[in-house]
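*Asks:* Next up is a structure, given as structure tokens.
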Amino acid sequence: MSDPASVRPDPGLTLLALYDSALPQVYGYLLARCGRRALAEDLTGKTFLAAVAACRSGSVPEPSTGWLIGIARHKLVDHWRAAEREQRGLSAVDGLAEDTDEPWDAELDVLLAREVLAAQAPGCAPAAGRPGRQ
């Protein structure tokens with residue numbers, strides 16, 4: 001027979017009892033660090049969903065506000081990493097778009113500009129040397 005002292009309380013019930021007091025603290029922690037209400041609300045929701053998943057898996061310590069703040073910190077870091085990864089991807093794509101431009105486009109623009117200027121002011125001679133250079 002099992003000893004009642006060795007039986008752990010259900011962490012899900014402990015988390016449910018903790019929810020009302022921990023919610024403002026978790027939200028405040030996230031809002032202070034990300035500065036955007038919508039993002040703090042989203043991350044707070046993800047924090048509690050992760051806590052519920054952990055309680056269901058059975059591999060959690062006694063749920064506490066500090067434990068929830070730790071989960072919130074991890075969710076915030078995950079968000080920052082994902083945002084940075086997306087930014088690097090966008091920068092790489094943007095860099096590729098610039099690399100596909102032909103280097104002669106600038107030279108052709110200079111030649112066209114000189115032709116237009118020559119037509120506007122026929123007495124002015126263009127600078128000597130290679131087109132596009134002065």
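*Asks:* Kindly put 10, 42 in sequence by how many other C-beta atoms sit within 10 Å of each C-beta, fewest to most.
*Replies:* Numbers: 10 11, 42 15.
With the sparsest Cβ surroundings first, the list reads 10, 42.
*Asks:* When only C-alpha pairs under 8 Å and at least 6 residues apart count, what is the relative contact order of region 8-120, in percent? Don't skip to the end; give the middle numbers.
*Replies:* Numbers: 55 pairs, mean separation 32.2, N = 113.
The normalised contact order for region 8-120 reaches 28 percent.
*Asks:* Related question: Using 1/(1 + (r/R0)^6) with R0 = 25 angstrom and r between the beta carbons of residue 10 and residue 31, what's the FRET efficiency to the nearest 0.05?
*Replies:* Approximately 0.25, to the nearest 0.05.
*Asks:* What's the exposure ranking of 43, 90, going from fewest to most Cβ atoms within 10 Å?
*Replies:* Details: 43 24, 90 10.
Starting with the residue having the fewest Cβ neighbours, the order is 90, 43.
*Asks:* Among 67, 80, what is the fewest-to-most ranking by other Cβ atoms within 10 Å?
*Replies:* Numbers: 67 18, 80 12.
Neighbour counts put them in this order, fewest first: 80, 67.
We did not get these values from a lab; they are worked out from the coordinates using the rules stated. Keep in mind that this is a model prediction, so the values were computed, not measured. Ideal geometry is used to build each Cβ from the backbone, glycine not excepted, and the neighbour counts take in all protein chains shown.
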